[in-house]
Structures are given as structure tokens and as C-alpha cells.
């Protein structure tokens, strides 16, 4: 474990989330999860099944934050949407859709692609694994998930999913390279905040969280571009690509590729949203 990982682990242990720091609806969600687990255990059959809770406002629109999330690829967003559709059909407390159901509704051929998308949604905190259901003999029968209409704050995630950090760290050695990159990006982002003196488990008011996301899109990626290439990004007043010579075009593409990888993928076109 690196020194930064060790520092992060120590700080998390020392700064365990206090009940008063949580969003008001998180303890209520924990109680609802417990009730869901108890009800699921009471109606267990021989078939294992996961359970889903959708925590958000009921609306037909897809969250703007989901559409604009720079880390998620289209397939991740599509899987989130299919899970949401399953929740809407049954009023918000329902069985988590089977992989073959997601594959059929999303027109995805590979269940490994669905598994990868769910892992990334969990790491980016769009989806939370809240509890596991076991029968009287201790046999695993399913999980309880919560789906969110925006990324859940870290402190609330740790309250609902005690194994969140273990899951992210285990994903560093995932067999798929993109899952590894997302896990690295999540942990590196937390490490940067810790080294900057921030309390990563401190509560963040909802409006402030949304403002931070918007500000990050406007400042962090253009600043990173400047560090890599030596001149401002177009969105920050820098030269347009049409004015670049051959060498400048190469440097521009290299910088955009680096930033796209740091976001957890290699889709340069997405970086244009933040750099111009």
C-alpha cells in the first residue's frame, strides 16, 4: 500500500462519519434498507435475487449530471437508465433487474459489459450496495442496492456501504483495464484532497456539492491542460485547434488523451466538453 493510500486509510478510520454529519435522509434510508432486508428474508425462495431501492424524485427526465458525467461511458449511463426503468415499473422498491433483463432492454450482448458498468456505477457512487440478504442457514440470497439521481456524498456512501473502499481498492486489479483506470482515478482524487488538507468524510451540503461539480468541470480540466501543454485550453481563452501547427496539434492530442485516461476512459471527444 502506498504512503498516500496509508494516509487515506488512517484518516478514514480516525474521521469515522458521525450521525450528525449525514444527510437527513441517509439514516432514514438505512432504516428502510433494514426493513427491506427483513421483508426479503421473510419471503425467501430457493432462487437468489438482489433487491433495489430507487432514492430520488419521480420524474421522466434523466439527470443532467448523469448525462454529463465525464467518467461514465454511454453503456454505463444506459445500464443506469434500465435499472431506473425497473424501479419505476414497480414503485421504487423492487427486485434488482437480472443481467439478461438489462441486456435485453439495453441491447447489450455481453453480461460482462453489464457487470463492468455496475462496478463503475458503484465506484462513482451512482449506485450503492447497501446490504446482503442471507437465509436462516446463512446462504447468500441476494443484495440490496440503492440507485441515486446524483452521486452520493462519500460520507453517506460509507454509512450505507462499509465495504466501499475495499471494493474500489480490489478493483485496482480487475481483469478489465477500464475498471482499473476508474478505480485508480477515484482513489487518486481522494488522495489529492487529503494532501490538500481536506476532510474527505466531511458532510457536503447538497447545493454546495452541485456547485463543486460545476466548478470542477470549468476549472480542473483546463488547469490540467495548461500544466501538460504550457498554454491555456480554448475554453480558457487559449488558441483554437484550427490555429495549431503540426507539432501543436500533436501536443494538443497527447494532452487530451492523458486527461481522458485520468477520467477513466480514452474518449478524447468527451474531453472537448471541458477544454473546448
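Structure notes:
- With neighbour counts taken as other beta-carbon atoms within 10 Å, the residues 180, 130 rank, fewest first, as 180, 130.
- Gain upon complete extension [residue 35, residue 249; 0.36 nm per residue less C-alpha separation]: 71.3 nm
- Multiplying the residue separation of residue 258 and residue 231 by 0.36 nm and removing their Cα-Cα distance gives an extension gain of 8.2 nm.
- Residue 241/residue 64 FRET efficiency (R0 30 Å; Cβ-Cβ; nearest 0.05): 0.65
Every number here is computed from the coordinates shown, using simple stated rules; none is lab data. This structure is a prediction, so every number in the text was calculated from the model and none was measured. For neighbour counting, all protein chains shown are included, and Cβ atoms are generated from backbone atoms with ideal geometry for every residue, glycine included.
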